[in-house]
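Below you'll find the structure, written out as structure tokens, and then a few comments.
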Amino acid sequence: MTMPSVREHGSDLAHTAIVGSAADLPAVLVPELRRSAGRYDEVLLVVGHDTRAALQGQVGELDGNVRWSDPRGFYQRLGFAYESFRRYLAGQAEAGRRVHVIAEPDLTGGADPGLRASAYLSYEAMCNETYAPYGCAVTCVWGEQHHSPAVLEGARATHPHLLTATGPVRSGSYQDAERYLAGRRDPWPPAPAEVDEEVILAGVADLRRLRSVVHTWAADRDFADEPIDDVVVAVVEVAANGLRHGAAPVRVRAWHDQDTLVVQCDDSAGRPLPVTAGYRRPGRADAAPDGRGLWLARQLADVVIIGREPGRTSVRLHFPHEIMHRGAA
């Protein structure tokens, strides 16, 4: 039986999802691993302990083509995970190697795991164009035991194909990145009436004070030196964006939710941002002109969400303590 192609017209990326139970996983993934071992120079599995244990005895090393990697080396801050996979794929492509990555998103940690999962699905949507130049395959494992029905539906919407026991099938829920991001609604609870810190920026000269306030605030919440620097840079980049591309005054409020630091920057313009702002690497011809600051913020913060109402554009950044201090394996 000939399996259907999973490559979209004009794309060199095969991006599939496995959405189902842990009990069903071996029946779906083991045949795919055996197929891929003959097609690709390397199959990289970035999966959790339970998934590895379920698979390892059935596939062995498949003639050395299969390599296992600790998820902690990739799944740290969400933007970091997105960019880390891109760099791996780019390096393999530059070396002339075709690879298949099979990854199980580790979205544990933080005060709101549901928010992290929702935010990560935006990166999944963008993968369809970001990873396309590298001639690779990426399969994402979304287990029912780890995620809500809404998140699983998001996985179906962000992957062109779903992997089944008989091979890939087209996802009837799939949406391209622009459509998916335009329709996504992030949870946006109101900021607390009393916050830890508030700074009003009238111009770029006020950014120096903002740096000092944010640095002291993060240090008082037991953040280490390097994560403090990341918090400061991300906040200042977003605030500077508000001054440069929005309008003054820019209001910056900082508070904490358990061990997560939250910062919201509100400018006074209310100009809509492109739905892909900050997801495309700076320097690309199709990157938004104000995308550099947001791209950097997405690398340094864990979750970045954007809201708008008449006369105001808001960017909210989340910095969970455990995730901000999570080092590569």
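Throughout, read-outs are computed from the coordinates displayed, never taken from laboratory work. Computed from a prediction, not measured in an experiment: that's the story for all the values here. Every residue, glycine among them, receives a Cβ derived from its backbone with ideal geometry; neighbour counts consider all protein chains shown.
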For this session: When you have a sec, figure out the Kirkwood radius of segment 149-223 from all distinct Cα pair distances and drop it here in Å to one decimal?
Result: 17.0 Å
Problem set entry | C-alpha long axis of helix 49-59 to longest principal axis of the chain, angle in ° | 20 degrees
Exercise. When the chain is fully extended, how far beyond the present Cα-Cα distance does ARG271 get from ALA150, taking 0.36 nm per residue of separation?
Worked result: 40.6 nm
For this session: Take every Cα-Cα distance within segment 14-183, group them into 5 Å bins from 0 onward, and report for each bin the whole-number percent of pairs it holds.
Result: 1, 8, 18, 23, 23, 17, 7, 2, 0
Seminar exercise, completed: The correct pair for the chain, radius of gyration to one decimal and Dmax as a whole number, both in Å and from Cα atoms, is 20.6, 67
Problem set entry | Pairwise centroid distance, computed over Cα atoms, of segment 22-87 with segment 137-178, Å | 16 Å
Seminar exercise, completed: With -39,500 (n - 2.57) per DSSP H segment of 4 or more residues and division by the full residue count of the chain, the 222 nm estimate, nearest 500 deg cm²/dmol, is -12000 deg cm²/dmol
Exercise. Residues with beta-carbon under 10 Å from that of ARG221, excluding ARG221: net charge, scoring Lys, Arg +1 and Asp, Glu -1?
Worked result: -4
Exercise. How big is Rg to Rh over segment 79-175, alpha-carbon atoms, Rh as the Kirkwood inverse-mean-distance radius?
Worked result: 0.97
Problem set entry | Measure of compaction for segment 203-303 (Cα Rg per 2.2 N^0.38 Å) | 1.08
Exercise. For THR216 and THR108 in one chain, what is 0.36 nm times their gap in residues minus the Cα-Cα distance, to one decimal in nm?
Worked result: 36.1 nm
Exercise. Roughly how many whole Å is it from the C-alpha centroid of segment 292-329 to that of segment 188-263?
Worked result: 11 Å
Problem set entry | Label zone at ASP50, where the point sits 7 Å out along the Cα-to-Cβ direction: segment 116-149 residues whose backbone N lies under 17 Å | 141-149
Problem set entry | Hydrodynamic radius of segment 156-198 per Kirkwood, over alpha carbon pairs, in Å | 13.5 Å
